[in-house]
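What follows draws every value from the coordinates through simple rules; no lab data is involved. Everything quoted here is computed from the prediction, not taken from an experiment. Note that each Cβ is placed from the backbone with ideal geometry, even for glycine, and that neighbours are counted across all protein chains shown.
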Amino acid sequence: MLLQLLLTLTLCSTFSLAHSHYNWSPSSSSTAHPSEWRPGRATYYAPADPRDVVGGACGYGDLERSGYGKSTAGLSTVLFEKGQICGACFEVRCVEELRWCIPGTSIIVTATNFCAPNYGFEPDGGGHCNPPNAHFVLPIEAFEKIAIWKASNMPVRYRRIKCRKEGGVRFTINGAGIFLSVLISNVAGTGDIVAAKVKGSRTGWLPMGRIWGQNWHISADLKNQPLAFEITSSDGVTLTSYNVAPKIWNFGQTFQGKQFKL
């Protein structure tokens, strides 16, 4: 009787995954627990590919120097959410292709890039990152932890999980004059930020707008003021860090604030 019940639940879960997959959004799965496993596919890029240096569509810069290393992924359109998903973490495992999969393994990657669609091909005929495909483009170093490289375009299961990061949230300040651009990185918890504010010693809290990825901006004269930041993650948790940057700060510097609790 128990075996029959478990089989029924498994079949229902599989049916649910197949029908709910394309309605998934990152914000809907940002809970305290991992989301359910969903079907997708994954390919890889070679070590010589320069995308790790330029940092991709999320704006993190050199992924090695910024601490993300090779545990990263470029996401297709249906997953990327126009950049809001940047910084989120996923667990990915190989399925179905038993001749290529490494049994019992999975990887955890951070969303750092966008895999652009190629509408010259059908979604199932070369347009790997075209809607409605859920597709991950991985460094070959990450890919080979779950499958043999010959697998190429490989079926996977993935789920959104909480990010674990060392140290505090990082704020990299760029810009010129009164234009302030802040890259927010190394975010634990949901990993992605949906709102950001900055405060100088002579101002109240000033809302910032998203430029792209996790780059946020504001036009305000904040020089010669210590800076505080207030950020909100996609699960609605707000984190406030005071005196992140000292009174004498300069463009191009990175400062560390508090960190989200898991």
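Side notes on the structure shown:
- Here the label points at residue 82 and residue 164, each 7 Å from Cα along the C-beta direction, are separated by 3.4 nm in the simple model.
- Charge tally in the Cβ shell below 14 Å around residue 153, where Lys, Arg are +1 and Asp, Glu are -1, residue 153 excluded: -2
- Local electrostatic count at residue 262 - Lys and Arg +1, Asp and Glu -1, tallied over other residues with Cβ under 13 Å: +2
- Applying 0.36 nm per residue to the separation of residue 205 and residue 150 and subtracting their alpha-carbon distance, the gain on full extension is 14.6 nm.
- Debye intensity ratio I(q)/I(0), log10, the stretch 64-222, q values 0.11, 0.13, 0.17 Å⁻¹ (C-alpha model): -0.52, -0.69, -1.02
- Within straight-line cross-link reach of residue 150, lysines at Cα separation under 30 Å, skipping those fewer than 8 residues along the same chain: 70
- For the stretch 84-167, GluC sites (Glu not before Pro) meeting the loop criterion (DSSP other than H, G, I, E, B) and having at most 12 other Cβ atoms within 10 Å: 96, 166.
- Principal axis dimensions, largest first and in whole angstrom, of the stretch 175-262 by Cα: 34, 24, 23
- Here the contact order of the stretch 122-262, divided by its residue count and restricted to Cα pairs under 8 Å and six or more residues apart, works out to 23 percent.
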